[in-house]
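Beneath this line is the structure, given in structure tokens, with notes to follow.
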Amino acid sequence: MVTTNNHAILVDAGPPTMGDSLVRYLRRHSVSHLDFVIATHPHADHIGGLSTLFAEKSVDTLLCAYHPHTTQTYENYVAAAKHAHIPRVAARRGDSYHRENLHIEILHPDTLWGSLNNGSVVARLSIGAHTMLLTGDAEKEVEEELLKHTPDALYAPVLKVGHHGSNSSSTHEFLAAVAPRIALIQCGKNSPYGHPHPRALRRIHATGADIFSTAQHGSIRLKGVPHNRWRLIPEHPYPPLEPLP
């Protein structure tokens, strides 16, 4: 979630079981309205909580991936958005959205992709001079496309690491272009998929970025501070992740 004094954006919402927790989290932080919700792609672990959210919170615009899906979770999410009269807009490279000093620049996709992960919405978010890059579950094929088509838009002090820290994302070339100072990995404890992958952690660590994961640090908040820097506020104040030797 990204907030300013007057506006709020939510990017993805976890699985269906997280819907109630998400609503409570927004209530705890006094967020009653969302200007934008970005659903990066239709996998259940990214859109599942949105059905509950749409029933509880007002949303101006839902920005979503091109790719439809056939699961019950996806159908519930589409029906909930329709019932709440939330317009769905397919995000496309080159699109941009603004609320005062809050800017969203869509870097990907520009067409349908063969996999849902690589059809993820990739967005550069800016609040004044503070920027972050959000990559959904995009993998190395998308990173190559981004380096080809939007290389100048990739630099961002904060990177939401692609595909939960999978080894299929976070190539050396992509990380060099982003040059993150803070890398955030969204994954659960004891991930059955092995997220984050040790090799991906080593590549990210080599950039000099501090690495934080929701598995270890819980909910992670960022606050923009002077000199274009971010202050990170983890729920659990453990040191940044270090890759295994």
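Rounded to the nearest 20, the size of the Cβ-charge dipole of region 1-90 about its Cα centre is 160 debye, with Lys and Arg at +1 and Asp and Glu at -1. One compactness figure for region 99-155 is 1.15, namely its Cα radius of gyration divided by 2.2 N^0.38 Å. For region 37-164, the spread of Cα positions along the three principal axes, ordered from largest to smallest, is 39, 36, 23 Å.
Annotation: extensible slack from S30 through D152 equals 40.4 nm (criterion: 0.36 nm per residue apart, minus Cα-Cα distance). Compared with the dominant Cα axis of the chain, that is its longest principal axis, helix 72-83 is turned about 60°.
Could you work out which residue, out of L154, L222, L63, moves most in a Gaussian network model of the chain, that is, has the largest mean-square fluctuation with Cα springs under 10 Å? Highest fluctuation of the listed residues: L222. A viscosity of 1.002 mPa s and a temperature of 20 °C, combined with the Kirkwood radius over C-alpha pairs in the Stokes-Einstein formula, give region 204-245 a diffusion coefficient of 188 µm²/s. Of M132, M1, the sequence from fewest to most neighbouring Cβ atoms within 10 angstrom is M1, M132. Charged neighbours of I233, selected by a Cβ distance under 9 Å, balance to +2 (K, R count +1; D, E count -1).
Please give the Cα centre distance for region 76-105 versus region 210-233, rounded to the nearest Å. Using only Cα atoms, the two centres lie 25 Å from each other. For region 93-238, taking the reciprocal of the average inverse distance between every pair of different Cα atoms yields a Kirkwood hydrodynamic radius of 15.4 Å. In this Cβ point-charge picture (+1 for Lys and Arg, -1 for Asp and Glu), region 132-200 has a dipole of about 380 debye about its Cα centre.
Normalised by the number of residues in region 1-90, the average gap of Cα pairs under 8 Å and 6 or more apart makes the relative contact order 29 percent.
The Rg/Rh ratio of the chain, with Rg taken over Cα atoms and Rh as the Kirkwood radius over Cα pairs, comes to 0.93.
Phi angles of region 2-19 translate, via the Karplus equation with coefficients 6.51, -1.76, 1.60 and θ = phi - 60°, into HN-Hα couplings of 10, 10, 10, 4, 10, 9, 8, 10, 10, 10, 6, 8, x, x, x, 5, 8, x Hz per residue; Gly and Pro are given as x. Computed over region 1-90, the P(r) tail beyond 19 angstrom holds 29 percent of alpha carbon pairs. When only Cα pairs below 8 angstrom with a gap of at least 6 residues are kept, region 93-238 shows a relative contact order of 16 percent. Taking the centroid of alpha carbons for each part, region 147-199 and region 22-48 are 21 Å apart. Relative contact order of the chain, taken over Cα pairs closer than 8 Å and 6 or more residues apart, is 11 percent. Per-residue extension of 0.36 nm, minus the Cα-Cα distance of E56 and R231, leaves a gain of 60.0 nm for this segment. Once the dipole of region 1-90 is set up with Lys and Arg at +1 and Asp and Glu at -1 on Cβ about the Cα centre, which of H69, L26, P87 lies farthest towards its positive end? It is L26. Placing dummy labels 7 Å off each Cα toward the beta-carbon, the span from E144 to Y193 is 2.1 nm.
Taking the longest Cα principal axis of the chain as reference, the axis of helix 140-149 is set at about 90 degrees.
Taken together, the values in this text are just the output of simple stated rules run on the coordinates, not laboratory data. Predicted model, so just to flag it, every value in this text is computed and none were measured. Virtual Cβ from ideal backbone geometry, glycine too; neighbours counted across all protein chains shown.
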